[in-house]
1. List the number of the failed condition for residue 177; all other conditions in (1) part of a loop (DSSP other than H, G, I, E, B); (2) closer than 20 Å to residue 235 by Cα hold.
2. Considering only region 132-150, I want to know if a residue exists there that is touching a Phe, Trp or Tyr at 6+ places or on another chain (Cβ under 8 Å), part of a helix (DSSP H, G or I) and hydroxyl-bearing (Ser, Thr, Tyr).
3. So residue 211 passes all but one of these: (1) in the same structural domain as residue 30 (by TED's automatic domain parsing); (2) within 23 Å of residue 264 (Cβ to Cβ); (3) not charged (D, E, K, R). Which condition number does it fail?
4. Out of region 149-187, which residues are in contact (Cβ under 8 Å) with a residue 60 or more places away in the chain and among the polar types (S, T, N, Q)?
5. Criterion first (touching a residue at least 24 places away in the same chain (Cβ under 8 Å), surrounded by fewer than 14 Cβ atoms within 10 Å (Cβ to Cβ) and in contact with a Phe, Trp or Tyr (Cβ under 6 Å, 6 or more places away or on another chain)) does residue 449 satisfy it?
6. Of all residues being buried (at least 18 other Cβ atoms within 10 Å of the Cβ) and among the aliphatic types (A, V, I, L, M) in region 66-83, which is nearest to residue 148 (Cα to Cα)? Just the residue, please.
7. Taking into account only those residues within region 251-293 that are among the polar types (S, T, N, Q) and outside any helix (DSSP H, G or I), which is modelled with the highest pLDDT?
Amino acid sequence: MSGQEDPGKGVDMWSSLRCLGYLSSFNLLVAVCLGMYVRWEQTAEGMILVIFILGLFVSAIACILYYYFSMESASLSLFHLWFGFLQGVLCFLNIPSLEKDIKDQVTNYLLLASLAVRTLGALTERLCGNATYKPVLLTSFELLELLGFAVASLSLFVNESVAVIALVLALAALIVDLRMKSPLALPNLTCFAVITAVYFFKSLKFETNPYALSCYLGRLICEPLLDVYFSSLSPTERWKPFFSAGGLWRKLSLFPLSLFEVAFVVLCALKLGDMNVWYLVIPGFCVFGLLWVLCHMVFLVTLWGFYTKLSECQKTWKAQQSDTLTLIRIMASRGMRHFCLISERLLLFCLLSTVILAAVSWQVNNVLFMSVFLVLLPLESLAHGLFHELGNCLGGTCVGYAVVIPTYYNSADGQPLLLAPGQVQECQSTSTLNAIQTLFSHHLIQTFSCDYSTSLSLDPLLGKLRSFLELCTAEGPRHDTYVLYYSGRTLPSGDWALAGGECLRLQQVLDMWKERNTSFSSRLIMVLDTENSAPWVKAMGKVEGMYVAVQGAKMSPAGDAEDQRAPRLGDFTQEWVKYNCNPDSGVQWSESGRVVTAIYGVSKPWSDYALHLPTGSDVAKHWKTHFPRSTYPLLVVANRCCGLNLLWLCSACLRCVRRMKMSWFPPKILDTGQGIKLVQS
């Protein structure tokens, strides 16, 4: 019975929410019509009457298109465009004599009621889970209402009209900033509200209607503001319109941004005409103006470099034509995370320089200065937010080295012996090598080498291991993750059995890793498809000061296996690669009666691992590579101002909790964040 009632409840809830939306729009329609009528009644202006009658006519056309021709999109577009215009007219036609007019008071109450019902409807829709979140920067309705309001401002004087149009652009940028969940979106909203309420509209040469303004701004901002908390879109989904745009359009967007930057610094320079406090203004503008220019040279160069890298990743993605390969994974494999983390610091410093220069050059009576400043804040905040999100969601770089020894096994005395040629195929060595290469390719792991050798001795292997563990990215830093794979025979201690009776011991690998990873927090993941991997797995629990993990396997003896054949080297690799490359593979590591089971072990500090954060030397290398020498003095200031960790105490407590959890309750499936999962049967 309850199953039959649920759809009805869903329909009732949706109908109620639509009714709230209709009620808000109806309140707004009545308020606008009544407000226009009152203003015509007081002034007897013919233009107001024309606009009023035209507004009723357009509303009627919108209703006809909606109900009789089922042209919902065209009808709503016409409605929002015209009502954005009418709200602008209502805002700018504020007559002081109307303060005691009862009809104007009713208009104001209706405007506030429309805002309250709109907010209530949006909040209820999200609390009930009926909201749909789409990856858009601005909806078409928001864009049309902004356009209508900007057209209404053309009735003002030129200077004021330009200032109001710039304010509309600032509002549009703020809406995008909120919808993208930029870390600085809420401070930007607060700054926008304070400056417009306290300074901007009071500096205009006419009085505005605060009720109409509140209704207009509140209706536009309420949904993006609520979505800061309620939206379930991931960072990559929110930024999808930006990622899907063409590289040429992204680079062309730097042109209007540069125009606003130039306009801002020119308007700031007008403050130099204030001779009352020249001894503060002139030195302050010279110092902070020069700092601002240098910072924004860095800002524009950073955006250009990022757009170039993003276009290269898009070309690679389109060339691959793979359903499983995503743009984000390609960006991670290209080291974009490192670029974004450094750029995030630099752009935060640029944003601070804009705020400081605006404070030094503040002009209370210059509305154009304030509106341009309000445009720049969310635009620079969006750039900072983009780098912040990508720095957090992109994975690190990874490099892999595979060693497959197909033709050796151990005799009773522990010495490796050569297999007969006919037995080589039975070791599944070829398919094992193909499987691990598939893993590297699927997860965009840079392949250092895949050695398939029948006569590998200790010294050549140690030489290749040293080269592998010393490998760095093209940008300079070491890779975040190093994956070492081995399939072959081992001694009972787990040591790798090599040619000539030699063996590679675990301590040798750890010593090489510690020697080459002293100043960098990379991690080493060893994957062993061997008969005796358990000793190396158990030894991980005693390793300190390094981030090392071992994924191993246990093979059931032939007599205990339910299968007709005994497990062979390579069986574990086939299943493990299938599990890590295909989420729908159906591989269940916890099922009973498995011939091959999985085990893993991690070093004591493994849970403390975090992807490498740029150090001062990393930022210095990045700066020298991408920016002109004239900007080098900013390097020290940017590092010191933007590299502080103010939450170190909380981080220490969380680190202790994570260590205890990993030690006492290790998960059956440990996600490394690189696309590779360590598993325990």
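1. (1)
2. No, region 132-150 has no match at all.
3. So residue 211 meets the others, but not (2).
4. Those that are in contact (Cβ under 8 Å) with a residue 60 or more places away in the chain and among the polar types (S, T, N, Q): 153, 155, 159, 182.
5. Values: touching a residue at least 24 places away in the same chain (Cβ under 8 Å): yes; surrounded by fewer than 14 Cβ atoms within 10 Å (Cβ to Cβ): yes; in contact with a Phe, Trp or Tyr (Cβ under 6 Å, 6 or more places away or on another chain): yes.
For residue 449, the condition - touching a residue at least 24 places away in the same chain (Cβ under 8 Å), surrounded by fewer than 14 Cβ atoms within 10 Å (Cβ to Cβ) and in contact with a Phe, Trp or Tyr (Cβ under 6 Å, 6 or more places away or on another chain) - is met.
6. The selected residue is 81.
7. Just the residues of region 251-293 that are among the polar types (S, T, N, Q), to begin with: 253, 258, 276.
This time we only want the ones that are outside any helix (DSSP H, G or I), so: 253, 276.
Details: 253: 89, 276: 75.
That would be 253.
Quick grid of which residues meet (1) closer than 23 Å to residue 211 by Cβ; (2) touching a strand residue (DSSP E or B) at 6+ places or on another chain (Cβ under 8 Å); (3) not assigned by TED's automatic domain parsing to the domain that holds residue 115; (4) not hydroxyl-bearing (Ser, Thr, Tyr):
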{"site": "37", "(1), (2), (3), (4)": "yes, no, no, no"}
{"site": "41", "(1), (2), (3), (4)": "yes, no, no, yes"}
{"site": "56", "(1), (2), (3), (4)": "yes, no, no, yes"}
{"site": "69", "(1), (2), (3), (4)": "no, no, no, yes"}
{"site": "73", "(1), (2), (3), (4)": "no, no, no, no"}
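The values are calculated or read from the model by the stated rules, or taken from the named source; none is laboratory data. For clarity, every value in this text was computed on a predicted model and none was experimentally measured. Note that each Cβ is placed from the backbone with ideal geometry, even for glycine, and that neighbours are counted across all protein chains shown.
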